[in-house]
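Before any comments, here is the structure.
Just so it is clear, none of the values below were taken in a lab; they were calculated from the coordinates. Every value quoted in this text rests on a predicted model; they were computed, and no experiment measured them. Neighbour counts are summed over all protein chains in view; Cβ atoms, including those assigned to glycine, are modelled from backbone coordinates with ideal geometry.
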Amino acid sequence: MSWNPADDPQPGDKFACDAIETVIVPRARDLGSFEVRRALPSAQRQMVGPFIFFDQMGPSEFLLGSGMDVRPHPHIGLSTVTYLFDGEIMHRDSLGTELP
């Protein structure tokens, strides 16, 4: 098996554009102090698994000492992975779990 690098598809290039199977436009949800966009699961790609979510939020700026205020929400024991490119997040959920 090999992997060959390829350039991004160019608009109008029929061969390259044929390689794109699906374009998913994430649906946005306003959570008050910021917006979250969910790409997966989507109507176009439901079979990625029952516990796979791909969300994107930000960029956001908050005043010092303030931050995201997310209403209480359940956690069902799933492990999550968060990639933070800049800044910091302190996560505290409705069960009292607190993680920097």
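Would you tally the net charge around E35, using a Cβ to Cβ cut-off of less than 14 Å, leaving E35 out, and scoring K and R as +1, D and E as -1? Don't jump to the answer; show the numbers that get you there.
Working: positive: R27, R29, R37, R38; negative: D30, D55, E61, D69.
So the environment of E35 carries a net charge of 0.
Once R0 is set to 41 Å, what does the formula 1/(1 + (r/R0)^6) return for the Cβ-Cβ distance between E21 and D93, expressed as a FRET efficiency to the nearest 0.05? Before the final figure, lay out each step's value.
Working: r = 36 Å, r/R0 = 0.88.
With R0 = 41 Å, the Cβ-Cβ based efficiency is 0.70.
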Pairwise label distance in nanometres, E35 with L84, each label 7 Å out on the Cα-Cβ vector: 2.3 nm
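State the extension gain, in nm to one decimal, for the chain segment bounded by V48 and F62, taking 0.36 nm per residue of separation less the distance between their alpha-carbons. Mind dumping the intermediate values first?
Details: separation 14, 0.36 × 14 = 5.04 nm, distance 3.35 nm.
Gain on extension, V48 to F62, equals 1.7 nm.
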